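In what follows, a structure is listed as structure tokens, so that the remarks can point back to it.
The values are calculated or read from the model by the stated rules, or taken from the named source; none is laboratory data. Given the structure is predicted, the values throughout are model-derived calculations rather than measurements. Counting neighbours? That spans all protein chains shown, and the Cβs are built from the backbone with ideal geometry, glycine included. The accessibility values were calculated without ligands, DNA or RNA, using every heavy atom of the protein model including side chains. Shrake-Rupley method; radii C 1.70, N 1.55, O 1.52, S 1.80 Å.
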Amino acid sequence: MKTISTQPIAGQKPGTSGLRKKVAEFTQPGYLENFVQSIFNAIGDCSGRTLVIGGDGRYYNRQAVQIIVRMAAANGFSRLLVGRGGLLSTPAASCVIRKYGADGGIVLSASHNPGGPDEDFGVKFNGPNGGPATETVTDAIYRASGEIDCYLIEETADIELDEPGEHRVGGCRVEIIDPVADYAELMTTLFDFEAIGQLLANSPFTLCFDAMHAVTGPYAVEILERRLGAPEGTVINAEPLEDFGGGHPDPNLAHAAELVRRMNSDDPLAFGAASDGDGDRNMILGTGFFINPCDSLAVLTDNAELVPGYRDGLAGVARSMPTSPAVDRVAEALGISCYQTPTGWKFFGNLMDAGRITLCGEESFGTGSSHVREKDGLWAVLFWLNIIAVRKQSARAIVREHWQRYGRDYFSRHDYENLNSEGATALIQGLRDNLSTLRGREIEGHKVAYADEFAYTDPVDNSVSRGQGLRILFEDGARVVLRLSGTGTSGATLRVYYDRYERDPALLELDAQKALASLIIAADTLAGIRQHTGRESPDVIT
Ligand code: G16
């Protein structure tokens, strides 16, 4: 075991979901080592503890796994559970941590960001509950990264990652585990595999799952094709590749182009879905029909009693603040609590651990439940398939009925990417300074009811998170939210979220951009978006 002297490296502050940087930055001498040692220093004595290690298979995943194994052994961990090939999807890592009572896990991923030598890499730490480290822990990691003076590492050869088996590294037992088995097993306890199997055996019901050459491929092949009997080839882009095949593993209408083509072809499929780099996001499509993640959460909540794992009812639900309030309406009808948290999955963990919520989700294509402590892409797909199998209706018909019953929350997010950081900060600061003057202003027919900066007090541990997005609420119930992303790796990304409620049965099927057009103009007038960004239109619209 060696003790290597080092110095703090600036900027190792975890963002919305771990530390994400360009590969070139992560592969600088000591960069990964410093951050990993800072995690170990922040969590205290590691002796005798168990750690789970895996990642989404992107470029540098395998080398990073080898380094982390040697460092974990040198820091005193007695048992490491490592996904075969260095792979573990984010939800599977959460599942393994919980199932084996591990003390935490390190997941290597930059999520939906592209991979490759010139692209992105990331490291996340999950706690013993299987969920992303809370802000208290990530703050401690960041502090440790500013005080670090050495790291510990075993001087050993690389272990064989591709075969199941056991190795000894220093005093530590390293087990190479099947990355899929425990997760697949968990899914069988939640969903009616027989009913879904019958649905998939019924030839008019055609399905495509786009794994985007990311980590979900092996999981989707095992569950959808092998266990549920969907035809071979149902899962496309199934092989995880270090550069995701040159694509962008972001499950949206722009990046899952082949899937979208199949859903809109002359002989369209009945159901389509895609997941992201590390398997925690999901996009759900019906025939020629995109299901907004906010609506998806509301529909799953409303239909949970049809699914075996949720038949006994839901403790409560939660959504991130920028997510539309579609799920709030269902929670009210069901008589259960609904919480609003800041953006970031880490805020749901306490609510789940305290038994306050069962389901939760975000507009950013994340949906999940208390079965693990991460959002879970394939789980959301199985949930939808289970509902369709029971209701014997198309995804589109189910959503349409939902809107007829509850009304529709039109929602859209506009992203302005790679902005000059000073300009983006100035936009947010300018609006922040003006918040108190906005009340009563009327623009494009929307009158401001109030405007504030969202702060969250965790009802379980009373911790307070401030600066979580600027909200402008209008008297007609419409809303605009602005915040800067915490997951980018270059420049700044401005996210502007729009939502507006519609109850008129004749106006439930409008194009979302058209339905939100006046709100989009109002936001520009109030925040000077075009003026500050120098952009006429957003880079990405979801
Ligand atoms: C992460 C977080 C999510 C968050 C999303 C976007 O997702 O886990 O909770 O909603 O980033 O965050 P931001 O708006 O700050 O970029 P993922 O899938 O990228 O890990």
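Among the residues of segment 212-225, are any at negative phi, part of a loop (DSSP other than H, G, I, E, B) and either within 16 Å of the ligand (Cβ to nearest atom) or touching a His at 6+ places or on another chain (Cβ under 9 Å) (or both)? Yes: one or more hits.
Set side by side, the residues PRO240, PRO218 differ, and just one is touching a Leu at 6+ places or on another chain (Cβ under 7 Å), open to solvent by 10 Å² or more (accessible area, probe 1.4 Å) and under 23 Å from ILE177 (Cβ atoms), which is PRO240. Of all residues in segment 116-144, those satisfying the criterion of being away from the ligand (no atom under 12 Å from the Cβ), out of contact with any strand residue (DSSP E or B) (no Cβ under 9 Å at 6 or more places or on another chain) and either of a type in the set (Gly, Ala, Ser) or open to solvent by less than 20 Å² (accessible area, probe 1.4 Å) (or both) are GLY116, ALA140, ALA144. Here GLY55 does not fit the description of being of a type outside the set (D, E, K, R) and at positive phi. Within segment 153-193, the set of residues being assigned to a strand (DSSP E or B) and either open to solvent by less than 40 Å² (accessible area, probe 1.4 Å) or aromatic (Phe, Trp, Tyr) (or both) comprises ILE153, GLY165, VAL169, CYS172, VAL174, GLU175, ILE176, ILE177.
Against the conditions (1) open to solvent by less than 30 Å² (accessible area, probe 1.4 Å); (2) within 16 Å of the ligand (Cβ to nearest atom), THR542 satisfies every one except (1).
Please verify whether TYR416 is among the aromatic types (Phe, Trp, Tyr), away from the ligand (no atom under 16 Å from the Cβ) and more than 17 Å from THR341 (Cα to Cα), treating the condition exactly as stated. No. Here ARG281 fulfils each of the conditions (1) more than 16 Å from the ligand (Cβ to nearest atom); (2) open to solvent by 10 Å² or more (accessible area, probe 1.4 Å) apart from (1). Residue pairs whose Cβ atoms lie under 6 Å apart, sitting 6 or more positions apart in sequence or on different chains, and linking a residue in segment 228-246 that is without any contact (Cβ under 8 Å) to a residue 60 or more places away in the chain to a partner that is in a loop (DSSP other than H, G, I, E, B), are VAL235/ALA211; ASN237/ALA211; ASN237/MET212; ASN237/HIS213; ALA238/ALA211; GLY245/HIS213.
For segment 348-370, give me each residue that is of a type outside the set (Asp, Glu) and either more than 15 Å from the chain's Cα centre (by Cα) or open to solvent by 20 Å² or more (accessible area, probe 1.4 Å) (or both). The answer is ASN350, LEU351, MET352, ALA354, GLY355, ARG356, ILE357, THR358, SER370. In the set (1) away from the ligand (no atom under 16 Å from the Cβ); (2) farther than 24 Å from GLY309 by Cβ; (3) open to solvent by less than 60 Å² (accessible area, probe 1.4 Å); (4) in contact (Cβ under 8 Å) with a residue 40 or more places away in the chain, PHE411 fails one condition alone, (1). Would you point out the residue of segment 465-488, among those that are within 21 Å of HIS112 (Cα to Cα) and open to solvent by 40 Å² or more (accessible area, probe 1.4 Å), that is modelled with the highest pLDDT? Selected residue: LEU484. Within segment 202-211, the only residue that satisfies the criterion of being in contact with a Gly (Cβ under 6 Å, 6 or more places away or on another chain) and outside any strand (DSSP E or B) is ALA211. You will find that of LEU253, LEU297, the residue that is closer than 30 Å to PRO325 by Cβ, aliphatic (A, V, I, L, M) and part of a loop (DSSP other than H, G, I, E, B) is LEU253 and no other. The residues in segment 289-298 that are open to solvent by 10 Å² or more (accessible area, probe 1.4 Å) and either free of Cβ contacts under 8 Å to residues at least 40 places away in the same chain or under 18 Å from VAL372 (Cα atoms) (or both) can be counted, and the count is 1.
Could you check segment 367-423 and list, in sequence order, the residues that are among the acidic types (Asp, Glu), in a loop (DSSP other than H, G, I, E, B) and out of contact with any strand residue (DSSP E or B) (no Cβ under 6 Å at 6 or more places or on another chain)? Passing the criteria: only GLU374. Of the strands (runs of 3 or more DSSP E) contained entirely in segment 434-519, those carrying at least 1 residues that are more than 16 Å from the ligand (Cβ to nearest atom) and among the charged types (D, E, K, R) fall at 446-453, 479-484, 492-502. Restricting attention to segment 303-347, the residues being in a loop (DSSP other than H, G, I, E, B) and either more than 16 Å from the ligand (Cβ to nearest atom) or at pLDDT below 95 (or both) number 10.
For ASN113, are the conditions met, namely being assigned to a loop (DSSP other than H, G, I, E, B), open to solvent by 10 Å² or more (accessible area, probe 1.4 Å) and closer than 25 Å to TYR456 by Cβ? Here the answer is no, as ASN113 does not meet what is asked. Scanning segment 520-537 for residues that are out of contact with any helix residue (DSSP H, G or I) (no Cβ under 7 Å at 6 or more places or on another chain), assigned to a loop (DSSP other than H, G, I, E, B) and either open to solvent by less than 30 Å² (accessible area, probe 1.4 Å) or farther than 20 Å from ALA254 by Cβ (or both) yields a single hit, GLY534.
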